[in-house]
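Data block below; observations after.
Rule-based calculations on the coordinates, nothing more; no lab input. Predicted model, so just to flag it, every value in this text is computed and none were measured. Every residue, glycine as well, gets a Cβ built from its backbone with ideal geometry; the counts of neighbours run over all protein chains shown.
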Amino acid sequence: MAHRLDAGRLCRVLDADPARRCGMMPLQPFWWDLAVFLLCFAGFALLALASEREGKALLRRAPSAAQRLAFRLMGWPLLAAALAVCVLGWRGNFGAVVWFGWLTVAALAVVFGIAYRPWRPAPREPASRLERGRDAERTPAATPCWQRCRRGVAAAGLLVIPAGFGWALYQAPVHPLLRADAVQGRIGPWAFTLVEEEQAAPEDTPAGVPVKHLMLRFCDACEGGIRAAYVQLREPRSSRSKGVRFMGERRQREAVLAIPTAVTPKDQLWLTVVGKDGRTHRAALEVSRVSPATARFIQERTR
């Protein structure tokens, strides 16, 4: 029947609309960001050592051609590894943005680290008046205007790029699983967080089936004992009836729940979790608690 479309098929239907996506930016622990930053920082540091000027400043001697080649061969793979970690942790669409942002931060850290290194040469003593006069006679011609403009643009770019990245992070919406309306509870021995992806009424698909996107996360210590999780509207009629399976990564599972035409305001949202020991646990949640907009949608449709 049309109302029993599985989550994967519904996602493919929704993909027909470019303005809609099945999922948000994955939620990863902080050490993922730290790993990306360290890889980018190490990669840029090695590439700086491969440069004749920066290599001499850091090593206090000019690196040989073989050393410079070795630094390059180590630096570029580290940047590629950082990109791979971003794609693995945040998928292709978000991973590239995260990678570029940490590239910018790491590049600035390397630049300022070289400029303010502890072993940098001491500043020169102020020259005497006679020496300043002699230096003035040997002063080369003034720097052309276009060179000054180019340096100004480069300096502005170093400030604008990280500022833009920081502003984008500041303006980014709160992840649904971290919102205040996320429902927290326990099912069997496991703690969970359940939330609607968007605080809006169910979406009508081209197939004519209203659907609701839900997101689920279990505690880190719980994941090892969970085989699968399911969700459905109305109480399961049998032990085999589980509903739509939550798909995705362990820290962030997603499900596309179809809203049947026969559902009533009295029906509840049933969460089913199957453990690796084979045991099945169920919990009933009020629809209005998980998604007030969906509860209003069901109420209006049954009038």
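With the contact rule set at Cα under 8 Å and sequence spacing of 6 or more, what percent relative contact order holds for region 26-93?
Answer for region 26-93 is 43 percent.
Give the span of region 245-292's Cα atoms along each principal axis, as three whole-Å numbers ordered largest to smallest.
Principal-axis extents of region 245-292 (Cα, largest first): 34, 21, 19 Å.
Can you spot the lysines whose alpha carbon is less than 24 Å from K276's alpha carbon? Ignore those fewer than 8 places along the same chain.
K242
If neighbour count is taken as other Cβ atoms inside 10 Å, put S291, S238, S51, S64 in order from fewest to most.
Fewest to most other Cβ atoms nearby, the residues stand as S238, S64, S51, S291.
Measure off 7 Å from each Cα along the Cα-to-Cβ vector at R61 and R251, then give the distance between these two points in nanometres to one decimal.
So the two model labels end up 4.4 nm from each other.
When the Kirkwood radius is taken over all Cα pairs of region 183-223, what Stokes-Einstein diffusion coefficient follows at 10 °C and 1.306 mPa s, in µm²/s?
Stokes-Einstein gives a translational diffusion coefficient of 133 µm²/s.
Return the loop-located trypsin sites (Lys or Arg not before Pro) in region 55-102 (DSSP other than H, G, I, E, B) with at most 13 other Cβ atoms within 10 Å of their own Cβ; answer none if there are none.
Qualifying residues, ordered by number: R60, R61.
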